[in-house]
Amino acid sequence: MGNIKKEIISFIKTVLFSLFIVFIINTFLFKFVKVHGNSMYPTLIDGEYGISSILNFKNEGIERFDIVIIYIPEINEYLVKRVVGLPNETLSYKNNELYINGNLVEEPFLKNAYTNDVKEIFIEENEYYCLGDNREHSKDSRFYGSFELTQIDSKDFYVVYPFEEIGRKVK
């Protein structure tokens with residue numbers, strides 16, 4: 001009877017320790033992410049799983065066209081989007097082309113994507129304008145407005161499932 005009790009206690013300790021390790025990893029190193037929907041298609045596919053780096057986000061900051069994980073508290077969900085506009089910039093879309101501070105900026109990752117015209121907007125300090133790559137099927141900054149830095153949890157995306165794609169860094 002004593003051995004069974006010891007085994008149960010040992011099992012519970014192992015489970016608790018494993019949960020603690022997962023918590024530490026998910027809080028300080030990587031965010032585990034599942035892609036929901038087609039807003040980032042064809043860059044990311046519905047149902048793909050990946051990890052996004054909290055460390056890269058904290059150490060390198062955010063640059064234009066980074067893929068970021070954004071928390072939306074109103075719906076208690078995480079979104080995977082691409083940073084298009086940075087703080088203190090003026091952004092607009094005219095005739096399917098991105099303009100930052102009045103200058104045309106190429107979006108090489110887009111393949112025949114259509115973006116509705118966006119009137120010139122100013123992105124405030126500590127805010128980012130983020131869009132899905134599949135512009136016609138994405139709820140993003142055009143819907144929510146610019147995202148605050150505090151809403152961004154991590155950046156970059158490394159596919160871990162499906163297994164044939166494992167390790168692919170999405171750009």
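Quick one: is residue 121 under 22 Å from residue 31 (Cα atoms) and aliphatic (A, V, I, L, M)? In short, no. Going through (1) exposed (fewer than 13 other Cβ atoms within 10 Å of the Cβ); (2) under 23 Å from residue 171 (Cβ atoms) one by one, residue 93 falls short only on (1). Would it be correct to say that residue 143 is exposed (fewer than 14 other Cβ atoms within 10 Å of the Cβ) and either in contact with a helix residue (DSSP H, G or I) (Cβ under 7 Å, 6 or more places away or on another chain) or closer than 30 Å to residue 26 by Cα (or both)? Considered against the rule, which asks whether it is exposed (fewer than 14 other Cβ atoms within 10 Å of the Cβ) and either in contact with a helix residue (DSSP H, G or I) (Cβ under 7 Å, 6 or more places away or on another chain) or closer than 30 Å to residue 26 by Cα (or both), residue 143 comes out as yes. Criterion first (in contact (Cβ under 8 Å) with a residue 40 or more places away in the chain and within 30 Å of residue 167 (Cβ to Cβ)) does residue 138 satisfy it? Yes; evaluated as a whole, the condition is true for this residue. Going by the conditions given, is residue 111 closer than 18 Å to residue 74 by Cα, in a loop (DSSP other than H, G, I, E, B) and not acidic (Asp, Glu)? For residue 111, the condition - closer than 18 Å to residue 74 by Cα, in a loop (DSSP other than H, G, I, E, B) and not acidic (Asp, Glu) - is not met.
Condition check for residue 133 on (1) surrounded by 20 or more Cβ atoms within 10 Å (Cβ to Cβ); (2) part of a strand (DSSP E or B): one failure, at (2).
Counting only residues that are in contact with a strand residue (DSSP E or B) (Cβ under 7 Å, 6 or more places away or on another chain), in contact (Cβ under 8 Å) with a residue 24 or more places away in the chain, under 22 Å from residue 49 (Cβ atoms) and not in a strand (DSSP E or B), the stretch 141-171 holds 2 of them.
Within the stretch 1-56, if we keep just the residues that are closer than 23 Å to residue 141 by Cα and of a type in the set (A, V, I, L, M), the residue that is surrounded by the fewest Cβ atoms within 10 Å (Cβ to Cβ) turns out to be 45. Selection over the stretch 114-133 of residues that are out of contact with any helix residue (DSSP H, G or I) (no Cβ under 9 Å at 6 or more places or on another chain) and under 19 Å from residue 75 (Cβ atoms) gives a count of 1. The criterion of at least 1 residues that are closer than 14 Å to residue 133 by Cα is met, among strands (runs of 3 or more DSSP E) falling completely within the stretch 30-101, by 67-72, 77-85, 97-100. Restricting attention to the stretch 146-165, the residues that are out of contact with any helix residue (DSSP H, G or I) (no Cβ under 6 Å at 6 or more places or on another chain) and more than 28 Å from residue 119 (Cβ to Cβ) total 9.
FYI, it's all coordinate maths here, none of it is from the lab. This is a predicted model, so every value here is computed, not measured. Because the Cβ atoms are built from the backbone with ideal geometry, glycine has one as well, and the counts that use them run over all protein chains shown.
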